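Colleague: Take this structure first; my questions come after.
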Amino acid sequence: MKSMAKKLVVLSLAMAIAASMATSQAGEKKRIAFSIPSHFSTFWVACWKGIEDQASALGWESVLLDPNGDINLQVTQLFNQATIGVDAVAIAPIDSEAIGPAINEMDKRGVPVFCIDRRGAGKVVSTLETDNVYVGLAMARKVQEDYPGRKIKLLIVQGVLSDTPTLDRTAGFKLIAERDSNINIIGEPSAGAYSNEAAMATTKNYLESNPDLDVIFTCTDALVPGILAALREAGRLTKVGEQGHVGVYSVDGAGETLNFIDQGTVDATFSQFPIIFSGDCVKEMKKYLEGEKIQEKIFYGGDVVSKSNIDSLRSTLWGFIIK
């Protein structure tokens, strides 16, 4: 009897351990990493919030990697995470093509790669981003709405040309603007860097040869302060509706730009949903790790924000949520 009892105890323990292991594996804690280009914009802070909040809700560990604009460091940091042990990574590439070999290497190591905001070359499981061609279309239509029937000189100030959002937003904007006989695009230079100095220098150069410039469209809010500084130096910084005002239209929805809209120096920006789509990225990681099939590309919309609607949207805009 004692022998039989011992066997039953051992069997019960074995079954309990097996059940415990099965439960542990089913709800296993994951470790994920998110690689941003750099902290040049609060946009990345918003993306990190989405990642961190959703990972925390799942009981996962999340790690933020900031290579400070250095593509080689971005690659090195990703490899380090693969060596340490990571279940999945989300990347916003500094350079969409240059990151390709690193993405493929991560895949070889069995680490699924997801891209946020910017597409990367290589074997990416899924990319979650704003529909940036639509963004360009929407902002060009906003310019048309604000300057109905008026002939205008317009400057496009692009971001870094290795960034897919910059290219897509410019392409979308030009699809409308180039077909409008009232819009004369005088240039589409790249600022070359996300800095106030670069944006100011680029804008200043065109203002000197085009003092009658009417509108500036820029692909990112990160360049807006430099653009406004150039307008101020040229004596062209006035409020919307005032004589001599140069229209400024942008993309992202950062808090600083929203404040400029409140003040009347910026006409409009396209506010993205970074907290939402980065949080969704973690949900897609979970699905993938559990064996579900997921979409290779997931696109998001946004809001065109101007003085006329900023108050009604205020509580939902990420730029007012992230300080």
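The values are calculated or read from the model by the stated rules, or taken from the named source; none is laboratory data. Note that the structure is a prediction, hence the values are computed from the model and not measured. Virtual Cβ from ideal backbone geometry, glycine too; neighbours counted across all protein chains shown.
Colleague: When you go through (1) of a type outside the set (G, A, S); (2) surrounded by 18 or more Cβ atoms within 10 Å (Cβ to Cβ); (3) in contact with a helix residue (DSSP H, G or I) (Cβ under 7 Å, 6 or more places away or on another chain); (4) within 30 Å of R31 (Cα to Cα) one by one for Y249, which number turns out not to apply?
Modeller: The number of the failed condition is (4).
Colleague: Look through segment 198-219, keep the residues that are free of Cβ contacts under 8 Å to residues at least 40 places away in the same chain and charged (D, E, K, R), and return whichever of them is surrounded by the most Cβ atoms within 10 Å (Cβ to Cβ).
Modeller: My answer is K204.
Colleague: Condition (residue is touching a helix residue (DSSP H, G or I) at 6+ places or on another chain (Cβ under 9 Å), crowded, with 20+ Cβ neighbours inside 10 Å and either polar (S, T, N, Q) or not assigned by TED's automatic domain parsing to the domain that holds G226 (or both)) applied to segment 177-197: is it met by at least one residue?
Modeller: no
Colleague: Being assigned to a loop (DSSP other than H, G, I, E, B) and closer than 25 Å to L155 by Cα narrows it down to one of T257, T265, so name that one.
Modeller: T265
Colleague: OK, next. Of all the residues that make up segment 280-303, how many are closer than 24 Å to V143 by Cβ, of a type in the set (A, V, I, L, M, F, W, C) and outside any strand (DSSP E or B)?
Modeller: Count: 0.
Colleague: Still on this structure, I have one more. Looking at F217, F277, F270 in this structure, which one is under 20 Å from the mean Cα position of the chain (by Cα), under 30 Å from V125 (Cβ atoms) and part of a strand (DSSP E or B)?
Modeller: Result: F270 is the single residue among F217, F277, F270 that is under 20 Å from the mean Cα position of the chain (by Cα), under 30 Å from V125 (Cβ atoms) and part of a strand (DSSP E or B).
Colleague: Still on this structure: Of G149, G120, G110, which residue is in a loop (DSSP other than H, G, I, E, B), in contact (Cβ under 8 Å) with a residue 24 or more places away in the chain and surrounded by fewer than 17 Cβ atoms within 10 Å (Cβ to Cβ)?
Modeller: G149
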